[in-house]
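Structure first, commentary second.
Read-outs: derived from the displayed coordinates by stated rules, not from any lab. Note that this is a predicted model, so its numbers are computed, not measured. Every residue, glycine as well, gets a Cβ built from its backbone with ideal geometry; the counts of neighbours run over all protein chains shown.
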Amino acid sequence: ETQIKTITKQIDEAVMQVKHWRTKTEILTSVPGVGKVLAYTLLSELPELGKLNRKEIAALVGVAPMNRESGTWNGKRRIRGGRHRIRTVMFMAMLSSIQCNPVFKRFYEHLKSEGKLPKVAIIACMRKLIVVLNTMLKNEELWRHKTA
């Protein structure tokens, strides 16, 4: 516990000393459901955030559905590749975000009502979240309910 608190404090201090890290952290944490853990993970593991288009950023994180087709055979689309550490942290953040962010809660419920499995709906919400965060950083604007 003491070590975790010490390291967290050191990370907070390091982020506050660098202006562009501080700005990015403020933008990222303005989204309900995105906390410091996800923001710091994205800062460290995904420096491309805010520089790529929506398809590229989703594929880089590994939340873009990939086809499994060959000839006339059509398989299920699945996510694969990408940066698994980001995906793991985003999954936990999305579980929180579905509870406290009305935009993602509504999107999740809509997907489930369409017959999607809960885990598939969560991954789709994660894709939406990373695309929204990418756009917010690109435009340097804070979260607004109408943004998503």
**Request:** Run the dipole for the chain about the Cα centre, Lys and Arg Cβ at +1, Asp and Glu Cβ at -1, nothing else charged, and hand back the magnitude in debye, nearest 20.
**Result:** 480 debye
**Message:** With unit charges on the beta carbons (Lys and Arg positive, Asp and Glu negative) and the dipole taken about the Cα centre of the chain, which residue among 88, 42, 16 sits farthest to the positive side?
**Reply:** 88
**Pairs from 9/36; 9/51; 9/138 whose Cα-Cα separation, in the structure shown, is over 18 Å** = 9/51; 9/138
**Request:** Calculate how steeply helix 2-17 sits against the longest principal axis of the alpha-carbon atoms of the chain, using the helix alpha-carbon long axis, and give the answer as 0 to 90 degrees to the nearest 10.
**Result:** 80 degrees
**Hits among lysines - C-alpha to C-alpha of residue 112 under 16 Å, sequence gap 8 or more where chains match** = 128
**Asked** Tell me, what HN-Hα J-couplings in whole Hz come from the Karplus equation 6.51 cos²θ - 1.76 cosθ + 1.60 at θ = phi - 60° for each residue of the range 41-48, using x for Gly and Pro?
**Response** 5, 5, 4, 7, 9, 9, x, 6
**MRE, 222 nm, helices only [DSSP H, n ≥ 4, -39500 (n - 2.57), over the chain, to nearest 500]** = -21000 deg cm²/dmol
**Message:** For the chain, report the % of Cα-Cα distances exceeding 25 Å.
**Reply:** 31 percent
**Partner aspartates and glutamates for residue 105 [C-alpha distance under 18 Å; skip if fewer than 8 residues away on the same chain]** = 114
**Most mobile of 105, 119, 76 in a GNM of the chain (Cα contacts under 10 Å)** = 76
**Request:** Give the long-range amide H neighbours of residue 62: residues separated by 5 or more places, or on another chain, with amide H under 5 Å away, using H modelled in the peptide plane at 1.01 Å from N.
**Result:** 83
**Complete:** Under the rule rounded for a/c under 1.5, else prolate if a/b exceeds b/c, else oblate, using alpha carbon gyration tensor axes a ≥ b ≥ c, the range 104-148 is classed as prolate
